[in-house]
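Data first, discussion second: the structure below is written as structure tokens.
Read the figures in this text as sums done on the coordinates, not as results from a lab. Only a predicted model underlies this, so the values are computations on that prediction, with no experimental measurement involved. Backbone-built Cβ (ideal geometry, glycine too); neighbour counts: all protein chains shown.
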Amino acid sequence: MTNLSTQYAGLKLNNPIIAASSGVTDSIESIKSLSEAGIGAIVLKSIFEEEILMEMEQLTQQMTGQPYVYPETMDYMNEEPTVDLIRAYINLIIEAKKVSKVPIIASVNCISNQKWTYIASEIEKAGADAIELNLFSLPSDLNKPAGEIEQMYLELVDTVCKQVKIPVTLKISPYFTSLGQMLKKFSKLPIKGIVLFNRFYSPDIDINTQELTTSFVLSSHSEIALPLRWAAILSGSIDIDIAASTGIHNGKDAIKLLLAGACVVQIASILYTNGEKVIDEMKNSISDWMKENEYSSIKDFKGKLSLKGHENTASWERVQFMREFRNFIK
Ligand SMILES: Cc1cc2nc3c(=O)[nH]c(=O)nc-3n(C[C@H](O)[C@H](O)[C@H](O)COP(=O)(O)O)c2cc1C
């Protein structure tokens, strides 16, 4: 009898498959449906800091005639979630908790440590089981030193952690000057989980119309390589649960990530393309593999092939092809 239950960021999950934050997790109907389909947990679509600040500015302008968000206006806002967007998000959490049998993780997409962070306590009051901070501002200001951006991230996460008692997890990109160092710094903060990695919207160019277009919205399977490597390098070195995200499209992928040391996997693209039936397919695939290999629970094999868990794992750290490149035949 195989047991797929696991723990992530202090939450008890029936299985290690989480619906990642996306359009699939932004309505009560789809949240209910994902829960009924047997998902392990659901990360709600993010509320975006830029949108919140934009609405705050509009509200401030109406109240004061000034576009600037004055601290005293923020004090007023602290008392009640006055901004429509926040109110709608709080309602989404409240309703999601009513229809879902599995943990609901709220998600905030943040790009700065501005005073919006009080929203974290509103999210907690609404009953979310955890908060995922989706952290990224594209460092397109070429004059901004990396250290400045990194310090701002650390302060932001620390501020949010101090405001709530529910677990805070962090979803990051792989684009840091020194990813390993940054992850070590994050791991000293009181976060309970880290999501490796976010995948960003990428603009493309239509050469016929010579205009910018949206492209590459969904991941391709080969993108699993990045979270696979970093889950393996990190697990065992930091005392924080790892959720793997990007390119995980089937049960075999999930097994690989668990072997590398992730506690759970997050899926988005495959829910868009294959629908909820993929949840059962993935769970069955993991169960069948566990039976074949005589594992009765996830912890029996989690991290077995991590950098620390196995003696022959130098490949995780190898970045050049060396011999493989020479021997590679088309
Ligand atoms: C249409 C779409 C919308 C998304 N919206 C969000 C979002 O609001 N917040 C977030 O943290 N990630 C968002 N993501 C990223 C996913 O949560 C996930 O990290 C990414 O798609 C990689 O996983 P995948 O390979 O399973 O798609 C979105 C992804 C897609 C495809």
Ranked list, fewest to most other Cβ atoms within 10 Å of each Cβ, for 290, 182, 54, 282: 54, 182, 290, 282
Paramagnetic label zone (point 7 Å from Cα along Cα-to-C-beta, residue 308; backbone N under 17 Å) in region 249-265: 258-264
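By per-residue mean of other Cβ atoms within 10 Å, what is the highest-first order of 160-167, 246-253?
246-253, 160-167
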Label-to-label distance, nm, for residues given as residue 188 and residue 162 (7 Å Cα→Cβ offset): 1.6
Neighbour-count order for 223, 36, fewest beta carbons within 10 angstrom listed first: 36, 223
Entries of 97/256; 185/304; 98/252; 98/304 with Cα pairs more than 27 Å apart: 97/256; 98/252; 98/304
Residue-wise HN-Hα coupling along region 248-256, computed from phi with Karplus coefficients 6.51, -1.76, 1.60 (Hz; x: Gly, Pro): 8, 10, 7, x, 4, 4, 4, 4, 4
